Every structure is written in C-alpha cells, then in structure tokens.
Amino acid sequence: MALSTQHLLGIKDISKKDIEIILSTAHQFKEVLQRPVKKVPSLRDLTVVNLFFENSTRTRMSFELAEKRLSADTLNFSAAASSVKKGETLLDTVNNILSMKVDMVVMRHSASGAPHFLAKHINAAIINAGDGINEHPTQALLDALSMTEKFNKLEGLKVAIIGDVMHSRVALSNIYLLKKMGAEVMVAGPPTLIPKYMGQALDVRVEYNLKKALAWCDVANVLRIQLERQNQPLFSSLREYNLAYGVSRKLLESLDKEIVIMHPGPINRGVELDSDVADGPFSIILNQVENGVAVRMAALYLYSGKDISPS
Ligand code: CP
C-alpha cells in the first residue's frame with residue numbers, strides 16, 4: 001500500500017488515493033481497538049518522538065496512545081521543558097534526538113511550515129501534528145473518518161466550517177480533504193475571520209450569516225476563536241461573537257432538519273458553542289476524539305514504511 005509521499009506534512013500534498021488508504025487502515029485499527037487486547041506488534045522496534053513546541057491535549061495524548069498500541073517506543077518532547085529555552089535551534093534539537101536512533105518524528109509547531117523545513121534536512125519520516133495556521137492533517141483525517149461513520153460517504157456531503165477560519169489549520173486541512181473527496185464546503189463566520197482569498201482560490205462557499213450556514217449544511221464543524229494567534233481581537237467582544245456566531249440549541253431547533261455538530265477542541269463553551277449543543281444528541285465531538293487514536297495509528301503505521309499487516 002504505497003503512499004505518494006514520505007512524510008505526512010499536509011492534506012494539500014497527498015492524493016485522494018492516499019486519503020482512502022489512511023482511512024481504510026484507520027477503520028481496520030478501529031476494529032483492533034474494540035478487542036480485549038488492543039495492542040499489536042506492528043511498530044515493535046520503532047522509536048517515535050512526539051515533538052511538541054505548542055500546547056496540546058487531544059493530539060499529543062492520542063499520538064502517544066497510538067504509538068503504544070502499535071508497540072513502538074515513544075519519547076515525549078515538550079519545548080517548554082527543553083534546551084530550546086537555552087537557545088537551541090529546531091534543527092539542532094531534532095538532529096540530537098535522531099542521533100539517539102529515533103525513527104519517526106511527530107511534530108507540532110507554532111510556525112507554519114516548520115515540519116516542511118525539517119523534511120528538507122532529515123531522513124526520518126515526519127507527521128505534522130499542526131503547524132501554525134497552515135495544516136493539521138491528522139485532525140482532518142479523523143474528522144473525515146467521523147463523518148464517514150455517520151453518513152457512509154463524504155461525496156456530496158455539505159460541510160460548513162464555522163468561526164475563526166482565518167487562524168485555523170483545522171479549517172484548511174478539512175477544506176483540502178473534503179474537496180478532494182467530493183464534498184461541498186462552506187466557510188462561515190464574521191468577515192474579519194474569513195480570508196478574502198478563500199472562496200475563489202479554494203472553491204468553497206462563503207457565508208457571513210450563521211443561520212443560513214446552518215440551514216444549508218449536513219455537518220457544522222465549529223471552530224474555536226484562536227485569540228493566541230490574533231495580535232488584536234478581530235471582533236468586538238466574546239459576548240458579541242456568541243450573540244452573532246454562537247451555535248445554540250435554540251438556533252438548531254429553528255432549522256427544519258437535524259445537522260451533525262463537530263468541533264476539533266478545545267471548546268470555548270458559551271462562545272462558539274453552547275454546552276447543550278456540545279453535549280447534545282447531534283454532537284459527535286467525542287467520536288472525533290476516539291477516532292483520533294485509530295487515525296494516528298494508521299498514519300504512524302503507513303508512514304513508518306513497515307510492510308506488516310495491521311492485524
Ligand atoms: N484538536 C486539537 O488539535 O486539539 P489539541 O490542541 O488539544 O491537540
């Protein structure tokens with residue numbers, strides 16, 4: 001099952017066939033994870049470093065769990081507790097870790113393109129766990145697996161990506177993936193949080209009215225306001241944002257159909273999503289998190305280059 005790239009740097013770079021291979025392998029690993037013994041020997045003798053230069057809960061924990069389920073040895077690197085604080089460069093840091101006979105790198109970094117830079121300088125396979133405002137490929141893959149489980153298809157599905165699209169690597173990876181798989185995509189939110197180029201350049205619908213966006217879609221993938229990436233707030237206040245763009249139960253009940261609610265996490269409850277929606281019957285947010293382990297097992301297994309059956 002050859003993939004078209006050595007690294008998983010972004011969904012933009014990989015083919016529809018690659019996406020299908022990863023999703024079908026993730027489906028197989030989900031079956032493995034239902035068994036009483038969830039561990040398989042697929043990556044025994046392989047060592048993976050989880051290199052996190054930015055905070056994370058879901059991505060970091062699920063990569064580590066995926067590595068353990070595959071019997072790989074894992075090293076966890078946190079920039080805050082490392083010699084990066086003494087001025088060591090990214091390349092020196094990685095080369096020093098690789099000299100300890102580490103085989104694969106999972107990397108999250110605040111700089112867009114950091115994993116692409118690394119890929120030019122090292123031989124080990126790299127999986128991008130989120131780079132700046134660029135891409136978060138494994139998030140898009142786990143979102144795709146979650147939507148496929150719900151609807152049995154991606155082709156023709158109407159997906160609205162709602163909120164702070166401007167600063168969201170989740171949005172970009174989802175758009176690339178959904179368009180490659182034949183879904184219809186809309187980005188919705190305040191004009192200040194949607195890049196002007198996006199509609200035409202990426203062939204997505206743009207909608208500034210939340211109710212119209214919700215009425216159009218089968219799935220609403222709601223995004224967090226990423227204040228940490230905004231030099232100055234791009235809307236007047238969180239309360240006003242909630243009034244105009246917060247997804248509430250009342251709003252969902254006003255639609256003439258049921259839609260599925262997704263969110264990559266972490267949720268700002270009462271800002272982009274009310275609690276009774278996040279925890280409500282149409283939410284698949286925890287399914288997304290569950291699917292993160294199987295998708296990351298698939299990505300690690302496939303990009304390791306090991307030709308061993310997942311089962
Ligand atoms: N979805 C996501 O990337 O969450 P974390 O930042 O907690 O990893």
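The values are calculated or read from the model by the stated rules, or taken from the named source; none is laboratory data. From a predicted model like this one, the values you see are computed outputs, not experimental measurements. Glycine also receives a Cβ, built like all others from the backbone with ideal geometry; neighbour counts cover every protein chain displayed. Surface areas here come from the heavy atoms of the whole protein model, side chains and all, with no ligands, DNA or RNA. Shrake-Rupley method; radii C 1.70, N 1.55, O 1.52, S 1.80 Å.
Over all distinct Cα-Cα pairs of segment 153-221, the Kirkwood formula returns a hydrodynamic radius of 11.6 Å. Within segment 1-156, DSSP assigns beta bridges of which about 5% are antiparallel (rounded to the nearest 5). Kirkwood hydrodynamic radius (Cα pairs, Å) of segment 132-280? It works out to 15.2 Å. Calculate the tail of P(r) for segment 204-311: the fraction of all Cα-Cα distances greater than 20 Å, expressed in %. Roughly 51 percent, once rounded to a whole number.
When +1 charges are put on Lys and Arg Cβ atoms and -1 charges on Asp and Glu Cβ atoms, the dipole computed for segment 17-56 relative to its Cα centre reaches about 280 debye. Taking every protein chain into account, the 1.4 Å probe leaves residue 155 with about 130 Å² of accessible area, to the nearest ten. Taking 0.36 nm per residue of separation and subtracting the current Cα-Cα distance, fully stretching the chain between residue 276 and residue 256 would add 5.3 nm.
Here the accessible area is traced with a 1.4 Å probe on the protein chains. For the chain, carbon and sulfur cover 50 percent of it. Of the residues 179, 68, 212, the one that moves most in a GNM of the chain with alpha-carbon contacts below 10 Å is 212. With contacts taken as Cα pairs under 8 Å and at least 6 residues apart, the chain reaches a relative contact order of 22 percent. Using bins of 10 Å that start at zero, the share of Cα-Cα pairs per bin across segment 259-302 amounts to 27, 43, 22, 8, in whole %. Principal semi-axes of the equivalent ellipsoid, √(5λ) from the alpha carbon gyration tensor of segment 38-168, are 28, 20, 12 Å from largest down.
Take the Cβ atoms of residue 35 and residue 89, set R0 to 41 Å, and the FRET efficiency comes out at 0.40.
Considering only alpha-carbon pairs that sit under 8 angstrom and 6 or more positions apart, the relative contact order computed for segment 180-237 is 33 percent.
Centre-to-centre separation between the Cα atoms of segment 162-179 and those of segment 1-64: 20 Å. Among the DSSP beta bridges whose two residues both lie in the chain, what percent are antiparallel, rounded to the nearest 5? The answer is about 5 percent antiparallel. The radius of gyration of the Cα set in segment 1-64, together with its Dmax, comes out at 14.0, 37 angstrom.
Over the chain, accessible surface divided per residue gives 45 Å², non-protein components excluded, 1.4 Å probe. Taken along its three principal axes, the alpha carbon spread of the chain comes to 56, 45, 34 Å, from the longest extent down to the shortest.
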